[in-house]
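Coordinate-derived values only; no laboratory data. Not measured: the values here are computed from a predicted model. For neighbour counting, all protein chains shown are included, and Cβ atoms are generated from backbone atoms with ideal geometry for every residue, glycine included.
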Amino acid sequence: MLSGSASVVKDLPKAIPDLFAKNRADTPGGQVTSVVGAGNVTGQVLEARIGWQPKAGLVLLIIASLNIFVGAFNLLPLLPLDGGHLAVVIYERIRYWFARLLRRPDPGPVDYRRLVPVSVGVFALLVGVGLLLIMADLVNPVHLQ
């Protein structure tokens, strides 16, 4: 599940042109969707003429994959995400270790005010990609066969 999530994130730039293709489900863009698309696919699964057990399994798989993706994505070392805060803490500890090794005083914590522009830029990029994915799911939804 984690490797599948990583491959979707890795293939996202290549998948953007395919988001609005006619046969989106057959392209790499068919693997990339927003919460709107995940809800649409879940609705299609629930409408399918299969037994309740496969439906329940598929819905649970969709929910689990969304949760695992969000958790793994949150660990990316981008500052507004938790992984970015972890990266700053690791940087502070390495900097403290080098200062101690060189017998210098503790440099102290990182000034987060200097990192605000990076956070705002990454946040704007995430919002932009999210809106693009939602638009693609509204205009060109993925249809299960």
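Within segment 105-143, track down each residue that is surrounded by 11 or more Cβ atoms within 10 Å (Cβ to Cβ) and either in a loop (DSSP other than H, G, I, E, B) or more than 27 Å from the chain's Cα centre (by Cα) (or both). Within segment 105-143, 107, 109, 110, 140, 141, 142, 143 qualify. From the list 26, 111, 18, the one residue that fits, being more than 15 Å from residue 143 (Cα to Cα) and charged (D, E, K, R), is 111.
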